[in-house]
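What follows draws every value from the coordinates through simple rules; no lab data is involved. Model, not experiment: these values are computed from the prediction. Here the Cβ is made from the backbone with ideal geometry for all residues, glycine too, and neighbour counts use every protein chain on show.
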Amino acid sequence: MANKCVSCNNCGHVGWSKNRGNFLITLVLAFLFLIPAVIYEIWRRMGLGVCESCGSDAVVPSSQCLSNKPSDAGELAILLVIGIIGGSVFMVLYAMADGAIDAFKGRNDPPPQLSQRDLEKRCFYDGMSHYQNKNEYPILKDGKTLAMDKIQLDCKGSTTGKYVVK
Ligand SMILES: [Zn+2]
């Protein structure tokens, strides 16, 4: 964490170190890409920081600081606000992208096509419940025809998957 009492080897200034880099760069990064902004801000706060007078990083720890340690609460508050705004923007974008992908998929995928076999199978199950409901299963009311045989015949070449008595 920067913000330490340091003595500068470059200009001889003794004082509280500043974060490296520039807070404005963090702001610009935050508006463009959130993750690099976070990484940049962490890098800014690592180490001893730089001399508040000349900006040099040739500083060594010191205990000679007379003034009170300055606070960077203002920067942190701005970052918090940006983080919240950035987070909600990200979520909105994500939801929009998700919706767009779904719409895109929906437009391009044709509705699932049932094969002839599937249609005949559906028709067959439909026919079974048809005759079960009519109490004509497994033998039809003529007393000799197997319901399954009748269904199989009626369902041959079915185009709807629904059982229709022929
Ligand atoms: Zn200096």
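In table form, for the structure just shown:
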quantity	calculated
Cβ charges +1 (Lys, Arg) and -1 (Asp, Glu), total dipole of segment 116-155, debye	60
Exposure proxy ranking, count of Cβ atoms within 10 Å, fewest first, for 145, 26, 160	160, 145, 26
Likely footprinting exposure, 63, 129, fewest C-beta neighbours within 10 Å first	63, 129
Lysine pair number, Cα distance threshold 19 Å (strictly under), the chain, separation 8 or more or different chains	17
Relative contact order for segment 116-155, counting Cα pairs under 8 Å that sit 6 or more residues apart, in percent	37
Cβ-derived FRET efficiency at R0 41 Å, residue 125 paired with residue 88, nearest 0.05	0.25
In nm, spacing of pseudo-spin labels at residue 95 and residue 34 (7 Å Cα→C-beta vector)	1.4
Ranked 142, 57, 72, 149, criterion: other C-beta atoms within 10 Å, fewest first	142, 149, 57, 72
Percent RCO, i.e. relative contact order, over the chain, from Cα pairs under 8 Å lying at least 6 residues apart	19
Residue-averaged [θ]222 nm for the chain, counting only DSSP H segments that reach four residues, each worth -39500 (n - 2.57)	-17000 deg cm²/dmol
Compactness index (Cα Rg / 2.2 N^0.38 Å), segment 5-108	1.57
Span from the segment 22-42 Cα centroid across to the segment 49-85 one, whole angstrom	16
Within the chain: Cβ-based charge dipole about Cα centre, in debye rounded to nearest 20 (Lys, Arg +1; Asp, Glu -1)	480
